[in-house]
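These notes concern the structure reproduced below.
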Amino acid sequence: MSDTQMNSLAERLIARFGDTLKITTIRNEVTAEVAATDLIAVATALRDESAFRFGELIDLCGIDYLGYGQTEWDTETVSSTGFSRGVEGEAMGRFNWADRPRNVHQPRRFAAVIHLLSIENNHRLRLRIFCEDDSLPVVPSVTGIWAGSNWFEREAFDLFGILFEGHPDLRRILTDYGFVGHPFRKDFPLIGNVEVRYDPEQKRVVYEPVSIEPRVLVPRVIRDDADLVQAKAEAADNWREN
């Protein structure tokens, strides 16, 4: 999207919706934040009005802002010969709930994000809808506006626990039947909660508390590769001989 198109779309959104949308433009991408109560009216207008014509829903996903902006990695010691990083503190999924990261900069934890495309006007737009209640995150379903959002909303529900009010068949789509929890929530243990094995005595599959110890896997950095050094030496010898 060109700068002219971007500015034109942002200006049209502001002129049409005013304070209903919070518009930001970063890296030539337009993002509109809309309240859950206004989503259906705004989405319908974006699809139907000639100034927008966003007829294609490209993607819909969930976001968990728990610990947003925080990091466990030391990335300051970067050099041309290697990348050193170490663990600082406890990572997402490896802490007790009482010790979970606190985000003072982001008061609302969960959001749904919709990516739209207007083929007619050659525009792209990102809609972001925050859930007002962290304990029960709910946003309206847009399946009645873009039917293709059906499976995307089921995925966001399955992985993040976001409920889409008005969805015709909101059930899990990736995890197994009876799965407890939502894997993409940042407070969900990276190693899971249970493990499965076959018990020969009971002659059935049993679920038990996970026995894996949480650990951090830091990639090994090879700074002096012997094979590479040898190859360079042989290449230098061949060059001198020729």
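In this calculation the C-beta distance from Thr31 to Lys203 is compared with R0 = 41 Å, giving a FRET efficiency of 0.15. Protection proxy ranking of 34-41, 138-145, by the mean of other Cβ atoms within 10 Å over each peptide's residues and highest first, is 138-145, 34-41. Distance from the alpha carbon centroid of segment 139-210 to that of segment 109-129 works out to 24 angstrom. When peptides 124-130, 10-16, 232-238, 199-205 are ranked by their average number of other Cβ atoms within 10 Å per residue, the highest-first order is 124-130, 10-16, 232-238, 199-205.
Which percent of the Cα-Cα distances in segment 126-187 go past 12 Å? More than 12 Å apart: 68 percent of the Cα pairs in segment 126-187. Using 0.36 nm per residue, how much length does the chain from Tyr177 to Asn238 gain when fully extended, once their Cα-Cα distance is taken away? Gain on extension, Tyr177 to Asn238, equals 15.6 nm.
Remark: the Cα gyration tensor places segment 106-159 in the oblate category, a/c being 1.5 or greater and a/b not exceeding b/c. Couplings for segment 171-176, taken from phi via the Karplus curve 6.51 cos²θ - 1.76 cosθ + 1.60 with θ = phi - 60°, read 8, 4, 10, 10, 7, 6 Hz in order; Gly and Pro are left as x. Using a simple spin-label model with pseudo-atoms 7 Å out from Cα toward Cβ, Ala147 and Glu120 lie 1.9 nm apart.
Each peptide in 170-178, 155-163 was scored by the mean count of other Cβ atoms within 10 Å over its residues; highest first, the order is 155-163, 170-178. Computed with a 1.4 Å probe over protein heavy atoms only, the accessible area of Ser135 comes to about 100 Å².
The values are calculated or read from the model by the stated rules, or taken from the named source; none is laboratory data. Note that this is a predicted model, so its numbers are computed, not measured. Note that we place each Cβ from the backbone using ideal geometry, even for glycine, and neighbour counts take in every protein chain shown. Note: accessible area is taken over every heavy atom of the protein model, side chains too, but ligands, DNA and RNA are not part of it. Shrake-Rupley method; radii C 1.70, N 1.55, O 1.52, S 1.80 Å.
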